[in-house]
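Chemist: Sharing a structure, written as structure tokens. Questions coming.
Quick note: the coordinates plus some simple rules give every number you see, no bench work behind them. Because the structure is predicted, anything quoted here is derived from the model rather than measured. Glycine gets a Cβ as well: all are built from the backbone with ideal geometry, and neighbour counts include every protein chain shown.
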Amino acid sequence: MSSAELLALADRLYGEPVGAFTAARDAAAKASGSKEAAARIKALKKPSLAAWAVNLLVRREAEQIDQVLELAASLRAAAESLDGEELRTLTRQRRQLTAALTTTASRLAREHEARLTSAVADQVEGMLTAAMLDPVAADVVRSGLVVTAFTSTGVSDLDVAAVCALPDALGYRAEVVEPAPPVLHVVPDDGIRLEAAQEKVDEAVLAVAAADEQVQHATAREEKLQARRLQLGGEIDELRRRLAGIEDDVDRLDEDIEEAEAELEELTEARAEAEQALDEAKQALAKLR
């Protein structure tokens, strides 16, 4: 089996419903006709639910994925020249885009009779965020061959072999799958309402997760400010103690000054009396002469 044939088979297998992967892979291995080919096929790992959801998303919403990742590449290129406020705005926009794509992935999963829990949805959003931050992660996502959830900080340190079924095929784009035409049938009103209610619940779960992240950031900021407030309060108390000590010193100095002023006044009067006595003595001496 050539690498191109294995890649084509992998593309088809990772586009299968999540519960059908193992049986389809084993059947393909059995039909391969050689032990070497069977071993290579058997080595293809079953994707986790989050990885399968991302693989499904890139096959069904390829145009939207391309637009978002192309925008992300432009943002990465422009980020170095932006100030803090502009970067925060771009970060909010990126979160909005990944949240919207995650909601789409949840809807597509439901169409394939699979539901993404809040934890799995977080993993999906984490992979989409990684793809927006890291061009290597973007190639992994676009391949549609993801086997497990991953994250990235944007420095291209992703272990491609651990997260992509065929790491040597990085750069490959998953085959786009057109959605099947809708089948017209009568749906009971209760079913419509139930599906709409479930969608609202799923959207609310994502909203709560986003709100939790914001609360965590706000809590960390509040704790940091409280710590700084305590520090400043301690410094104020120390300054007050020092001020009280200085005020005591000033009071003692005022008392010493009053005593010194009284003593000076007494000495001045004594000197004046002595000077008067001197004048009188001089006058008496002059008369005797």
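Chemist: Rg(Cα) of the stretch 47-179 divided by 2.2 N^0.38 Å?
Modeler: Values: Rg = 14.2 Å, N = 133, 2.2 N^0.38 = 14.1 Å.
Taking N as the residue count of the stretch 47-179, the ratio is 1.01.
Chemist: What is the pair-distance distribution P(r) of the stretch 85-136, computed from all Cα-Cα distances in 5 Å bins starting at 0, with each bin given as a whole percent?
Modeler: 5, 21, 24, 22, 15, 8, 4, 2, 0
Chemist: Loop only per DSSP, at most 10 neighbouring Cβ atoms within 10 Å: give me the GluC sites (Glu not before Pro) in the stretch 1-103, ordered by residue number. Mind showing how you got there, number by number?
Modeler: Numbers: sites: GLU5, GLU36, GLU61, GLU63, GLU70, GLU80, GLU85, GLU86; in loops: GLU61, GLU80.
Answer in residue order: GLU80.
Chemist: Right, next: What is the total of Lys pairs in the chain with C-alpha atoms under 19 Å apart, excluding same-chain pairs fewer than 8 positions apart? Write out the running numbers ahead of the final one.
Modeler: Values: LYS30/LYS42; LYS30/LYS45; LYS30/LYS46; LYS35/LYS45.
Count of close lysine pairs: 4.
Chemist: While we're here: From the phi angles alone, apply the Karplus equation (6.51, -1.76, 1.60; θ = phi - 60°) to the stretch 260-269 and give each ³J(HN,Hα) in whole Hz, x where the residue is Gly or Pro.
Modeler: 5, 5, 5, 5, 4, 5, 4, 5, 5, 5
Chemist: Within the set of other residues whose C-beta is less than 13 Å from the C-beta of ASP11, count the net charge using Lys and Arg as +1 and Asp and Glu as -1. Can you show the working numbers first?
Modeler: Working: positive: ARG12, ARG25, ARG59, ARG142, ARG173; negative: GLU5, GLU16, GLU175.
Net local charge, ASP11 excluded: +2.
Chemist: Also, I was wondering about something else. Compute a Gaussian network model of the chain, connecting alpha carbons closer than 10 Å, and tell me which residue from LYS46, LYS200, LYS224 fluctuates the most.
Modeler: LYS224
Chemist: Using all C-alpha to C-alpha distances in the chain, build P(r) with 10 Å bins and read off the rounded percent in each one.
Modeler: Calculated P(r), rounded to whole percents: 5, 19, 21, 14, 8, 5, 4, 4, 4, 4, 4, 3, 3, 2, 1, 0.
Chemist: If the elastic network links every pair of Cα atoms under 10 Å, which of ALA53, ALA260, ALA114 fluctuates the most in the Gaussian network model of the chain?
Modeler: Its mean-square fluctuation being the largest, the pick is ALA260.
Chemist: Follow-up. Going by amide H atoms built from the backbone, whose H comes under 5 Å of the H on CYS164, apart from near neighbours?
Modeler: When sequence neighbours closer than 5 places are left aside, the close amide H contacts are VAL147.
Chemist: Starting from 0.36 nm per residue, how many nanometres of slack lie between ARG76 and ASP251 once their C-alpha separation is accounted for? Don't jump to the answer; show the numbers that get you there.
Modeler: Working: separation 175, 0.36 × 175 = 63.00 nm, distance 6.64 nm.
Separation in residues times 0.36 nm, less the Cα-Cα distance, equals 56.4 nm.
Chemist: Let me ask something else. Taking every eigenvalue of the Cα gyration tensor of the stretch 1-114, multiplying by 5 and rooting it, what semi-axes result, largest first, whole Å? Walk me through the numbers before you get to the answer.
Modeler: On the way: eigenvalues 273, 60, 19 Å².
Over the Cα atoms of the stretch 1-114, the semi-axes work out to 37, 17, 10 Å.
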